[in-house]
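Data block below; observations after.
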Amino acid sequence: MAEYKLEIEHIRKEYPGTVALKDFSGQFEGGKVYALIGKNGAGKSTVVKILAGAVQPTRGTIRIDGNVVELRSPDDAFTKGIATVYQELSLIPELTVGENILLGRLPKKKRCSGIFIDWPTVYAQAQAVLDSIQVDLSVGSKVRELSVGKQQIVEIAKAMSFHPSVLILDEPTSALARHETKSLFELIRKLKSQGVVIIYVSHRLQELDEIADTITVLRDGACTGFIGIEKATPENIVKMMFGEVVQKTRPKDLRVIKEPVLEVRNLSRSPYFKEVNFTLYKGEILGIAGMLGSGRSELLRAIFGVDPYDRGEIRPHGYLVENPNPVRMKQQGLAMTPENRKEEGLVQNASTRANLCIASMARIAFHGLITKVKESPSVVRQIEELQIKISDREAPVSELSGGNQQKVVIGNWLNTAPTIIIFDEPTRGIDVQAKQQIFQIMWNQSRKGLSSIFVSTELEELLEVCHRILIMKHGEILQEVFPEEIELETLYSLCMEE
């Protein structure tokens, strides 16, 4: 009979006016990876927060090693052997790897002049943690000097310094390149071999058969089933998550008009990209494929005027923009949905109504005065056309699911009536159904003649959505390919580091 390190029985979480989690039960053995999946709003985050001690359930029982526990705070969860690594990393960039691993628990020693941090012990203990999980990192390196993938590993090492029996990973690969994901999976397998229970939350269904032993599916706050990875197929997983979902492909009626709307010539910014040249046409959805660190996002930010560039030309509609900034580029018909929607795309404590109108205030305001009455047509149009699920448009946008927040970011920029829109990782951290809706928005805008530049770490999305794809590596555009002429494996190999 299996010995369960973690048992959850009939957990339920209610908030005023809503039920976030109806009824969740599960049994988790050590030495296995349990994938927890479901669409945005399904209840995954609530399960994670309850196990992390961040929120308390309305009812239900949690057992660790057969003993009933109450997790009233994150410290309580750590003490009971549960560690959580969230999607948003909580490291301090200016501190070292060692300092971050032992943050808040730095060893101290007494001297005659007072109490001081015992630095040799700090680094010795941090090194012992890294050695225990067989990770080769310098404890003296500043975290800001590390890649995102290595920062993710430091976050896991920090969690493992508490010697947990249960490790929860919330979207751990959402910001990782493919080679970094492989390194993370190697670490997860090492922890699994040490008998740790690993609960793995992800929207990336394609990676589950590589890392998971069992899949648990949540839908509308309830568990719809458990399935062993050997029996799981993409079709039955999606059906468990959503019921019937139609996987869409790029409509055949989308036509590219050979009329240049954006020309980029010899654009360079050291050390991120150099001598970038391309032309975007009317109605075209142009993909840029490349691994993290290839210069994709830096290129997009330079085109929109967020970051400066060293030399080159940007010509929207044939007009050379000198010293571009977001205001000037918006005036030339450009819009951009940023990679980090929570910090750069939205004002989290402002209402959905306000967030849908931020970029278009100048268009909506009357003699400098903006009112809810003036905003209403723009707000209603985007909520209806983008199918934003919302109960109260005056509620903070932070209350929406990731997919609906992304639609608000897009709607905000569509209210500026752009002719070109730049999408930087628009599907990161959102579920399959929401992704399909984002793709449909891009296709609908293409029909209206709007041109798009689309960057995604998940290269299969570029094949599904785009008319043409540029391959970017080491800051250079190396070639262009067409989705109908290339396989996914070939596209990945073209983008991989040599």
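The values are calculated or read from the model by the stated rules, or taken from the named source; none is laboratory data. Note that the coordinates shown come from a computational prediction; the quantities given were computed from them, not determined experimentally. Heads up, the Cβs are rebuilt from the backbone with ideal geometry, glycines too, and the neighbour counts pull from every protein chain shown.
Could you please let me know if LYS192 is surrounded by fewer than 20 Cβ atoms within 10 Å (Cβ to Cβ), closer than 23 Å to LYS49 by Cα, assigned by TED's automatic domain parsing to the domain that holds TYR15 and in contact with a strand residue (DSSP E or B) (Cβ under 9 Å, 6 or more places away or on another chain)? Spell out how you get there, then give the answer.
Numbers: surrounded by fewer than 20 Cβ atoms within 10 Å (Cβ to Cβ): yes; closer than 23 Å to LYS49 by Cα: yes; assigned by TED's automatic domain parsing to the domain that holds TYR15: yes; in contact with a strand residue (DSSP E or B) (Cβ under 9 Å, 6 or more places away or on another chain): yes.
Yes.
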Restricting the stretch 318-343 to residues that are assigned to a helix (DSSP H, G or I) and modelled with pLDDT of 85 or more, the one nearest to the chain's Cα centre (by Cα) turns out to be PRO326
One residue is enough: does the stretch 46-63 have a residue meeting the conditions assigned by TED's automatic domain parsing to the domain that holds CYS223, under 28 Å from GLN437 (Cβ atoms) and within 17 Å of the chain's Cα centre (by Cα)?
yes
Taking the stretch 166-203 and keeping only residues that are more than 16 Å from VAL129 (Cβ to Cβ) and assigned to a loop (DSSP other than H, G, I, E, B), one is left with GLU171, PRO172, THR173, SER174, ALA175, LEU176, ALA177, GLY195, SER202, HIS203
Among (1) of a type outside the set (S, T, N, Q); (2) surrounded by fewer than 23 Cβ atoms within 10 Å (Cβ to Cβ); (3) over 14 Å from the mean Cα position of the chain (by Cα), GLU458 falls short only on (3)
Of (1) out of contact with any Ser or Thr (no Cβ under 9 Å at 6 or more places or on another chain); (2) surrounded by 13 or more Cβ atoms within 10 Å (Cβ to Cβ); (3) farther than 30 Å from HIS10 by Cβ, GLN134 fails just (2)
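Select from the stretch 298-328 the residues that are crowded, with 20+ Cβ neighbours inside 10 Å and over 16 Å from SER268 (Cβ atoms) and list them in ascending order. So that I can check it myself, show each step before the final result.
Within the stretch 298-328, the subset crowded, with 20+ Cβ neighbours inside 10 Å is 299-305, 309, 314, 316, 324.
Listed by number, the residues that qualify are PHE304, PRO316.
For the stretch 351-391, name all the residues that are part of a loop (DSSP other than H, G, I, E, B) and either under 19 Å from LYS330 (Cβ atoms) or touching a strand residue (DSSP E or B) at 6+ places or on another chain (Cβ under 7 Å) (or both).
Taking the stretch 351-391 first, the residues part of a loop (DSSP other than H, G, I, E, B) are 356-360, 365, 367-368, 370-371, 386-391.
Passing the criteria: LEU356, CYS357, ILE358, ALA359, SER360, ALA365, GLY368, ILE370.
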Expected single match for farther than 21 Å from GLY26 by Cα, of a type in the set (A, V, I, L, M), in contact with a Ser or Thr (Cβ under 9 Å, 6 or more places away or on another chain) and surrounded by 16 or more Cβ atoms within 10 Å (Cβ to Cβ) among ILE285, ILE227, ILE199 is ILE285
Flagged in the stretch 451-498 as without any contact (Cβ under 8 Å) to a residue 12 or more places away in the chain and outside any loop (DSSP other than H, G, I, E, B), in numbering order, are GLU484, GLU485, GLU489, THR490, SER493
The correct count of residues that are in a loop (DSSP other than H, G, I, E, B) and small (Gly, Ala, Ser) in the stretch 142-165 is 3
Margin query: Can you find a residue that is in contact (Cβ under 8 Å) with a residue 24 or more places away in the chain and not in a loop (DSSP other than H, G, I, E, B) anywhere in the stretch 133-141?
Written below: no
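For PHE24, indicate whether it is assigned by TED's automatic domain parsing to the domain that holds GLU145, more than 21 Å from the chain's Cα centre (by Cα), surrounded by 21 or more Cβ atoms within 10 Å (Cβ to Cβ) and among the aromatic types (Phe, Trp, Tyr).
Answer is yes for this residue.
Would you check if ARG144 is farther than 22 Å from HIS179 by Cα, of a type in the set (Lys, Arg) and not assigned by TED's automatic domain parsing to the domain that holds GLY293? Lay out the reasoning, then the answer.
Values: farther than 22 Å from HIS179 by Cα: no; of a type in the set (Lys, Arg): yes; not assigned by TED's automatic domain parsing to the domain that holds GLY293: yes.
It is false that ARG144 is farther than 22 Å from HIS179 by Cα, of a type in the set (Lys, Arg) and not assigned by TED's automatic domain parsing to the domain that holds GLY293.
Those residues that are polar (S, T, N, Q) and modelled with pLDDT of 95 or more, I need them from the stretch 447-478; list them, please.
Of the stretch 447-478, the ones polar (S, T, N, Q) are 451-452, 456-457.
Those that are polar (S, T, N, Q) and modelled with pLDDT of 95 or more: SER451, SER452.
Inspect the stretch 270-292 for any residue being of a type in the set (D, E, K, R) and without any contact (Cβ under 8 Å) to a residue 60 or more places away in the chain and give the result as yes or no.
Taking the stretch 270-292 and keeping what is of a type in the set (D, E, K, R), we get 274-275, 282, 284.
Next, from what is left, pick out any that are without any contact (Cβ under 8 Å) to a residue 60 or more places away in the chain: none.
Within the stretch 270-292, none of the residues are of a type in the set (D, E, K, R) and without any contact (Cβ under 8 Å) to a residue 60 or more places away in the chain.
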Those residues of the stretch 10-20 which are at pLDDT 90 or above, surrounded by 15 or more Cβ atoms within 10 Å (Cβ to Cβ) and touching a Lys or Arg at 6+ places or on another chain (Cβ under 8 Å) amount to ILE11, ARG12
